[in-house]
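Accompanying notes for the structure given below.
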Amino acid sequence: MSENRDLRVGPPRRWSVELDGVAWLPRLIDKARAASAGTLGGYLYGQSPTDSGLLKTLGIGYRSFAELVAQAPDDAGVLAALTARDPEAIARAVVWTADLRRNHKAFLWAMDADDGYNPAVAWAKRPVNVLTNAFTALVKRVIPGPVIPPKP
């Protein structure tokens, strides 16, 4: 079974961690598992433009992705289920990954700093998301995320 991270006390996997050449996917899996477990904390699931971009590329919505993740025992199971749904989805997501890396450097740097993955930044040593907690709280109020059924 895949680790179920409590995102109230630590970040999801770094954006650059890849699963079969797809960056952001392991992070999104962590966020989907946390949303189902009620441990999402200050992170977005259902409102993030980057999550939405990857899911659109994969051809799946937030609720369906959360259900797929809940049924998969681990990352390999998620990958297999995505491939079974759409054999071309991962290839499209690899292209999406290249675009993410090329066109969103400042956003990715700031997110790394905020999550504590960039030790050169003073606030990265803090266990909270200094930049985003207030912003994500506002986003969650204005744009409610999908209702994710709790894990059985």
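The values are calculated or read from the model by the stated rules, or taken from the named source; none is laboratory data. All figures in this text were calculated on a predicted structure; none of them were measured in a lab. Note: ideal-geometry Cβ built from the backbone for every residue, glycine included; neighbour counts use all protein chains shown.
State which residue is surrounded by the fewest Cβ atoms within 10 Å (Cβ to Cβ) when the search covers only the stretch 35-54 and only residues that are among the aliphatic types (A, V, I, L, M) and more than 10 Å from the chain's Cα centre (by Cα).
It comes out as A37.
Assess whether V130 counts as being modelled with pLDDT under 75, under 28 Å from Q71 (Cβ atoms) and among the hydrophobic types (A, V, I, L, M, F, W, C).
So V130 does not fit the description; no.
Out of everything in the stretch 78-127 that is at pLDDT 80 or above and of a type in the set (S, T, N, Q), what residue ends up being farthest from L58 (Cα to Cα)?
Here the residue is N103.
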